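Chemist: This structure is in C-alpha cells; I'll ask about it shortly.
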Amino acid sequence: MYLCKVPIRRNNGLVPQFKSETNSFFITLWNLNYPATKDVTKDVTKDVTKDVTKEQKQVILLIKENPIITTNQIANQLNLSQRQILRHIKELTTLGIIKREGGRKTGFWVIK
C-alpha cells in the first residue's frame, strides 16, 4: 500500500473524509462553493416535532445531513415514492420549516 502525503488546504475546517468498509471505499468531498447560511448541524427536529409527521421528521434529518440531496435520493432512502416526498416537502415549506435556495440543479435546502 502506498500512502501519498500531500498537504490538504483546509477551508473552514472542511477536509475530505475517508471511510472504508469490507468491500467499498467512500470519500466525502465538501462543496465549498455554497457555504451554509445558518448552522444546519444543530438538532432542529426538537422545535418542529409537534407539527410534522414521522416521515417528515425523516425528510428533515436527511436534509440536515446533506443540504444538496435530491427528492429522488430522499425517496430511495426512505422507501417512499417521489410523489410522497414532494408532498412532504411542500408541507414543510408551507410550515416554514425548510426552504430551497438556488436553482433546480445547483440549489440546496436550508432548515430554518
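Chemist: Restrict the check to segment 83-98 and report whether at least one residue is on the phi < 0 side of the Ramachandran plot, of a type in the set (Val, Ile, Thr) and not in a helix (DSSP H, G or I). Don't jump to the end; show me each part of the working.
Modeler: Applying the first criterion (on the phi < 0 side of the Ramachandran plot) to segment 83-98 yields 83-95, 97-98.
Narrowing further to those that are of a type in the set (Val, Ile, Thr): 85, 89, 93-94, 97-98.
Then drop every residue that is not not in a helix (DSSP H, G or I), which leaves 97-98.
Among the residues of segment 83-98, at least one is on the phi < 0 side of the Ramachandran plot, of a type in the set (Val, Ile, Thr) and not in a helix (DSSP H, G or I), which makes the answer yes.
Chemist: So, one more: Is it fair to say residue 15 is at pLDDT 55 or above and either out of contact with any helix residue (DSSP H, G or I) (no Cβ under 7 Å at 6 or more places or on another chain) or small (Gly, Ala, Ser) (or both)?
Modeler: Yes; evaluated as a whole, the condition is true for this residue.
Chemist: Here is a follow-up. Mind counting the residues in segment 66-82 that are within 22 Å of residue 31 (Cβ to Cβ), assigned to a loop (DSSP other than H, G, I, E, B) and open to solvent by 50 Å² or more (accessible area, probe 1.4 Å)?
Modeler: Going through segment 66-82 one residue at a time, the tally reaches 3.
Chemist: Conditions: (1) at pLDDT below 75; (2) open to solvent by 80 Å² or more (accessible area, probe 1.4 Å). Residue 49 meets all but one. Number of the miss?
Modeler: (2)
Chemist: Can you spot a residue in segment 52-59 that is at pLDDT 90 or above and hydrophobic (A, V, I, L, M, F, W, C)?
Modeler: Looking through segment 52-59, at least one residue is at pLDDT 90 or above and hydrophobic (A, V, I, L, M, F, W, C).
Chemist: May I pose another question? Test residue 41 against the criterion of being within 13 Å of the chain's Cα centre (by Cα) and modelled with pLDDT under 60, and give yes or no.
Modeler: When the stated conditions are applied, residue 41 passes them.
The values are calculated or read from the model by the stated rules, or taken from the named source; none is laboratory data. For clarity, every value in this text was computed on a predicted model and none was experimentally measured. Cβ: placed from backbone, ideal geometry, glycine included. Neighbour counts: every protein chain shown. Note: areas computed on protein heavy atoms with side chains; ligands, DNA, RNA excluded. Shrake-Rupley method; radii C 1.70, N 1.55, O 1.52, S 1.80 Å.
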